[in-house]
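The values are calculated or read from the model by the stated rules, or taken from the named source; none is laboratory data. Bear in mind that the values here come from a model prediction, so they are computed numbers and not experimental data. Quick reminder, even Gly has a Cβ in these numbers, built from the backbone with ideal geometry, and neighbours come from all protein chains shown. Just the protein is used for accessible areas: all its heavy atoms, side chains included, with ligands, DNA and RNA removed. Shrake-Rupley method; radii C 1.70, N 1.55, O 1.52, S 1.80 Å.
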Amino acid sequence: MKQETITDRLAILADAAKYDASCASSGTAKRTSRDGKGIGSTEGMGICHAYAPDGRCISLLKILLTNHCIFDCHYCVNRKSSNVRRARFTAQEVVELTLNFYRRNYIEGLFLSSGIIKSADHTMEQLIEVARALREDHGFKGYIHLKTIPEADRALVEQAGLWADRVSINVELPTDRGLTDLAPDKNGGQIEGAMARLGSAMIEAKDARKRFKHAPMFAPAGQSTQMIVGADGASDTQIIGRASELYDRHRLRRVYYSAFSPIPDASAVLPLKRPPLMREHRLYQSDWLIRFYGFSTSEVQTATDDDGMLALDIDPKLAWALRHRQDFPVDINLASREKLLRVPGLGTRAVAAILQARRHHRLRLDDLARLTRTVTKLRPFIVTADWRPTGLIDTANLRARLAPPPRQMELFG
């Protein structure tokens, strides 16, 4: 039997890692090797960029240590019963790949995950060894994101945070029912328990560094998680609520959404068709409304339809505004920042520009046109020095006027 080369295994394990979307490098501490000590940097352009098959921009070197796995999650291409080519790197091989790719300017960091081989503890030890060797043996100062395994010993999971910038544990599915049905080897309580311990370790490390200058850092870029969208029957209302719980309980930096992708030799319990990618996009927009626009979780949930789903043709803020027309129009020259952030079509930068500009004179519609991308969406919801939407906010066809025109569906889509 022909032995697979490093290149062969890299092709297999990089392809196997493409389903994981939670690899952004935002929030990490700034480090550089410009002083000649060590290698790598988290500054400048950030870690490298790659594109998933669906066109999303993601950051790499993103690989699995192995795609062998003793678990049999229905939605996972690497599950035990999957008929895919298998491969495995040693910890030393991943270290050498990372350094060689970095020296060639291919990458600026590492995102490392793995299937479960032998046991959760054994796999976690291998992941930690990669990060330790890069940091300790080679002085690597680039970005490292380790996907940790909640089933592993708690000491091992917490050790990962000493070497990595960011750690993450996937909650996998938004509901306990979905987890039970599609990932029978995983336990929701165990996953959240591991996330809670990581959160506590981060808080303790921050407190220690306030008192002791040389106290070790612990996952300075925080922890994140990922939910698969569309593999089970969870509605957008349930997903938004679940994400909000995770942010509140574990102070996560990010909750990532990954639209379920049909996989080869898929289990019969999975849907045959993938959810529209726009659904994933709308969930990210709803996430933004809660984190940066001052909306409560329950307010965003009211933007969904009777089935608990976000509209695909209009964004969640516009959907919410159309359901709460009594709150509009908003006077651009008098309203607070909080009120302005609720106006469809106004982002955080536009609101900041409006607050700055209105210090000098009363704003007119032409002024808004210069401060925003378009005033078409704004008109029904605002009052300016020369504009008042008399009756427009109450028109029955307002949604149709603001939604993008319908598009011809693809014949083979």
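For H360, the accessible area of its heavy atoms, probed at 1.4 Å with every protein chain present, is near 140 square angstrom.
Counting alpha carbon pairs within less than 8 Å and at least 6 residues apart, what relative contact order, in whole percent, applies to the chain? Can you show the working numbers first?
Details: 695 pairs, mean separation 47.9, N = 413.
Across the chain, relative contact order equals 12 percent.
Each residue of the stretch 325-332 is assigned a 3J(HN,Hα), and the resulting list reads 5, 5, 8, 10, x, 10, 7, 4 Hz, derived from the Karplus form 6.51 cos²θ - 1.76 cosθ + 1.60 (θ = phi - 60°), x at Gly and Pro.
Any idea of the accessible area per residue across the stretch 317-413, 1.4 Å probe, to the nearest Å²? Don't skip to the end; give the middle numbers.
Working: 6230 Å² over 97 residues.
Dividing the accessible area of the stretch 317-413 by its residue count gives 64 Å².
Estimated from the Cβ-Cβ distance and a Förster radius of 25 angstrom, the FRET efficiency linking S200 and D176 is about 0.65. Between amide H atoms placed 1.01 Å from N, distances below 5 Å from R254 occur with T225, all of them 5 or more places distant or on a separate chain. Taking Lys and Arg as +1 and Asp and Glu as -1, the other residues whose beta-carbon sits under 13 Å from that of Y102 total +1. Taken about its Cα centre, the stretch 283-413 carries a charge dipole of about 700 debye when Lys and Arg each add +1 at the Cβ and Asp and Glu each add -1 at the Cβ. In this calculation the C-beta distance from F71 to R370 is compared with R0 = 60 Å, giving a FRET efficiency of 0.60.
Give me the net charge of D331's neighbourhood, meaning all other residues with Cβ under 11 Å from the Cβ of D331; Lys, Arg count +1, Asp, Glu -1. Working shown, then result.
Numbers: positive: K339, R358, R362, R388; negative: none.
Residues near D331 contribute +4 overall.
Heavy-atom accessible area with a 1.4 Å probe sorts W163, W320, largest first, into W163, W320.
How many percent of the accessible area of the chain is carbon or sulfur, using a 1.4 Å probe? Working shown, then result.
Details: 10470 of 20620 Å².
With neighbouring chains kept in place, the figure for the chain is 51 percent.
When the chain is described by a simple charge dipole with +1 on each Lys and Arg Cβ and -1 on each Asp and Glu Cβ, the residue from A353, I393, L127 located farthest towards its positive end is A353.
Between T390 and T348, what is the label-point separation in nm under the 7 Å Cα-to-beta-carbon projection? Reported label-point gap for T348 and T390 is 3.9 nm. Think of the chain as having a plus end and a minus end, set by charges on the Cβ of Lys, Arg, Asp and Glu; of T5, A16, Q326, Q326 sits farthest toward the positive end of this dipole.
If the chain linking R249 and T5 were pulled fully straight, counting 0.36 nm for each residue of separation and taking away their Cα-Cα distance, it would gain 83.4 nm. Exposure check, 1.4 Å probe, all protein chains in place: T5 carries approximately 70 Å² of accessible surface. Computed over the chain, the per-residue total of -39500 (n - 2.57) for DSSP H runs of n ≥ 4 gives a 222 nm mean residue ellipticity of -10500 deg cm²/dmol, rounded to 500.
What percent does the relative contact order of the stretch 133-190 come to when contacts are Cα pairs within less than 8 Å and at least six residues apart?
29 percent
Accessible area of H281 (1.4 Å probe, protein heavy atoms only, ligands and nucleic acids ignored): about 90 Å². Per-residue extension of 0.36 nm, minus the Cα-Cα distance of N105 and H360, leaves a gain of 87.0 nm for this segment.
Is there a pair in K273/K317; K118/K147; K18/K118; K147/K186 whose C-alpha atoms are over 20 Å apart, and which pairs would that be?
Numbers: K273/K317 28 Å; K118/K147 17 Å; K18/K118 23 Å; K147/K186 15 Å.
Distance filter (> 20 Å) returns K273/K317; K18/K118.
Against the criterion of solvent-accessible heavy-atom surface with a 1.4 angstrom probe, Y106, Y284, Y19, Y256 sort, most first, into Y106, Y19, Y284, Y256. The stretch between R325 and L270 holds 15.9 nm of extra length on full extension. This uses 0.36 nm per residue minus the Cα-Cα distance. On the basis of the beta-carbon distance and an R0 of 60 Å, I117 and A400 show a calculated FRET efficiency of 0.65.
Report the local net charge at T90: Lys and Arg +1, Asp and Glu -1, summed over other residues whose C-beta lies under 10 Å from its C-beta.
Details: positive: R88; negative: E93, E96, E129.
Around T90, the charge tally is -2.
Under a point-charge model restricted to the Cβ atoms of Lys and Arg (+1) and Asp and Glu (-1), what is the dipole moment magnitude of the chain relative to its Cα centre, in debye to the nearest 20? Please list the in-between numbers first.
Numbers: 60 positive and 48 negative charges, 329 e Å.
With Lys and Arg at +1 and Asp and Glu at -1, about 1580 debye.
Beta-bridge orientation, the chain: approximately 20 percent antiparallel, per DSSP, counting only bridges with both partners inside.
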